[in-house]
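Only one structure is covered here, and it is reproduced in the block below.
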Amino acid sequence: MSTAKPLFAVLRQSVSPSVVDALEVLVRTGSDADLNRVNCIVFAQQRGLDVEAVIGGFLHAARIGLFDLSWNMLCPGCGGVLHAGMTLKSLDHATYHCALCSAGYEPTLDEMVEVTFTVSPRIRRIGAHDPHQLAMWDYARQVFWSSGTDIPDDGFSELLQDVVLDAIELPAGERAILSVHLPEGFIIVFDPVSHTTQFLDVKGEATRERQQVSLVFNSVGAAKGTVELRPGPLRLSLENHTDTRVLPGLWIANDAMHALLGRRRPFVTAKRLLSNQTFRDLYRTDTIAVDQRFKITSLTFLFTDLKGSTALYDQVGDLVAFDLVRAHFVVILDIVAAEGGAVVKTIGDAVMATFPTPDRALAAALQMREAMEALNRERGREDLLLNIGLHEGPCLAVMLNDRQDYFGQTVNVASRVQHLARSQSIFTTGQVMRNADVARLLEEASLIAVPHHADIRGVADKVELFEIP
């Protein structure tokens, strides 16, 4: 902790005291498991802290060396970590395969990539820094499963009694034999280290004859197919051809296993982090490789533009107009960040921002409108009139001009919706309006969205539009 003290002093210059205090307590008194792959959302909820402030705090802490940031590719079926990297650039496969679920997945940044934080070994050494020294089930909980899998701290071994027939730690280069009695059902021999799997379909009339199955673990973990067996004794021969230990177990694919794998909790997704202003400020050019294209199935875009900004320079002069426009940018950036969004870029007097959900984008839009009205009241003039457009849909996360950006028709539609908006009104598409939290926000604000019909250039189908006056 002596190494950490000056870093926490630096952290206090940019992060709220309550978050820094919580991080300091975590590093000083947290268990090894607590300090590995920290789930920011759970961390904030357990301590009654603002989630966005906590995410920002961990990002700053990672930037100065208190924590290491990790991007983990997840299996949406079992919640296992298929690949972990220090940067998003390391997730470079077109598909990822889960041997346990015997399924392949095309990566998306919505729910398949989590972002976690592990204490730096320079600050405090924990078991996960030497994962092959962890006990078998600690490895499963801390390394194989993601922070979004809700594995209980207590009672885990009791849960496993109904799921695992037997398991063994097999050192590198060694062999072992497990003798078990197979019940009827589907059994999965699975190693969370090499991700090697052998499926056993146990059915038919029970036998007393000893059945034999052999399994070799190598550096290319994969599902080995399915062997049909009968209920009764099994002699399972295991050979470890890797350079690390393996931890094979016989998992019963029953209701208890499905219930265990189905225990989920919210986590920070890559999509959410890319739409976080603190992340964009701190990791501006170290996100995506030039040749990478990551799919996002749902992202909300907000475009703004100042109406008549050119005339404003004529009316009040360059210096006053510049100060007004700059004040408008400061307000917008603060609102975007407060609502968990990020400004992607500014184009003249226009702003392009992203939000992980439509309701956060609409909340920001309503606050922007109120903020511009407040600035106008202060001046006694209607100088700052803001056009705002919203749209939600799929897109690609890319690198353009050395900047993390977005590409696709959703971006085009959002931009053109903003051009249709009138000053002091918000135009949004039907995709945004169909969000339940958006409906709740409008009801709380006593606002009624008015349907509009308009053709959008470059879009073949009619776009459902609404004006929020």
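Every number here is computed from the coordinates shown, using simple stated rules; none is lab data. Since this is a predicted model, take the numbers as computed values, not measurements. A quick note on method: Cβ atoms are made from the backbone with ideal geometry, for glycine too, and the neighbour counts reach across all protein chains shown.
Using the Kirkwood radius built from alpha carbon pairs, what does the Stokes-Einstein equation give as D for the chain at 37 °C and 0.692 mPa s, in µm² per second? Before the final figure, lay out each step's value.
Numbers: Rh = 25.1 Å.
D = 131 µm²/s.
Between residue 21 and residue 464, what is 0.36 nm times their sequence separation minus the Cα-Cα distance? Round to one decimal in nm.
Numbers: separation 443, 0.36 × 443 = 159.48 nm, distance 4.77 nm.
Between residue 21 and residue 464, full extension yields 154.7 nm more.
Using R₀ = 30 Å, calculate the FRET efficiency as 1/(1 + (r/R₀)^6) where r is the Cβ-Cβ separation of residue 136 and residue 237; round to 0.05. Present the calculation step by step, with values, prior to reporting the outcome.
Numbers: r = 20 Å, r/R0 = 0.66.
Given R0 = 30 Å and the Cβ-Cβ separation, E is 0.95.
Filter the chain for me: DSSP H helices, axial length by Cα at least 27 angstrom, mean Kyte-Doolittle hydropathy not below -1.0. List them by residue number.
Details: long enough: 318-338 (30 Å, 1.71); 358-379 (32 Å, -0.66).
Both cut-offs are met by 318-338, 358-379.
Which percentage, to the nearest 5, of the DSSP beta bridges contained in segment 164-253 is antiparallel?
Working: 23 of 35 bridges.
Of all bridge pairs located within segment 164-253, approximately 65 percent are antiparallel.
Modelling each spin label as a point 7 Å along the Cα-to-Cβ direction, I'd like the residue 265/residue 347 distance in nm, to one decimal.
In this crude spin-label approximation the distance works out to 4.2 nm.
Residue 370 label point, 7 Å along Cα→Cβ, cut-off 17 Å on backbone N: hits in segment 422-443?
Within reach of a label on residue 370, which here means backbone N under 17 Å from a point 7 Å along Cα→Cβ, segment 422-443 contributes 424-426, 438-443.
Suppose only helical runs count, i.e. DSSP H with n ≥ 4. What mean residue ellipticity at 222 nm does that imply for the chain under -39500 (n - 2.57) per run, divided by all residues and rounded to the nearest 500 deg cm²/dmol?
Here the helix-only value at 222 nm equals -9000 deg cm²/dmol.
Express in nm, to one decimal, how much length is gained between residue 156 and residue 210 on full extension, taking 0.36 nm for each residue of separation and deducting their alpha carbon distance.
Taking residue 156 through residue 210 to full extension adds about 16.3 nm, to one decimal.
By residue number, which cysteines of the chain lack any other Cys whose Cβ falls under 4.7 Å from their Cβ?
40, 78, 395
Just for the chain, what percent of DSSP beta bridges are antiparallel, to the closest 5? Could you put the intermediate results ahead of the total?
Working: 77 of 93 bridges.
About 85 percent, rounded to the nearest 5.
Based on the Cβ-Cβ distance from residue 407 to residue 177, what FRET efficiency comes out when R0 is 56 Å, to the nearest 0.05? Show your work: numbers first, answer last.
Details: r = 55 Å, r/R0 = 0.98.
After rounding to 0.05, the efficiency reads 0.55.
Go through segment 203-251 and name the GluC sites (Glu not before Pro) that are in a DSSP coil and have 15 or fewer other Cβ atoms within 10 Å of their Cβ. Can you show the working numbers first?
Numbers: sites: 205, 209, 228, 239; in loops: 205, 209.
Here the sparse-neighbourhood loop sites are 205, 209.
Figure the gain on full extension for residue 92 and residue 323 (residue separation times 0.36 nm, minus the Cα-Cα span) and round it to one decimal in nm.
Numbers: separation 231, 0.36 × 231 = 83.16 nm, distance 4.42 nm.
Gain on stretching residue 92 to residue 323: 78.7 nm.
Taking the highest mean first, how do the peptides 272-283, 351-362 order by number of other beta carbon atoms within 10 angstrom per residue?
Working: 272-283: 22.3, 351-362: 25.1.
Taking the mean over residues of other Cβ atoms within 10 Å, the ranking is 351-362, 272-283.
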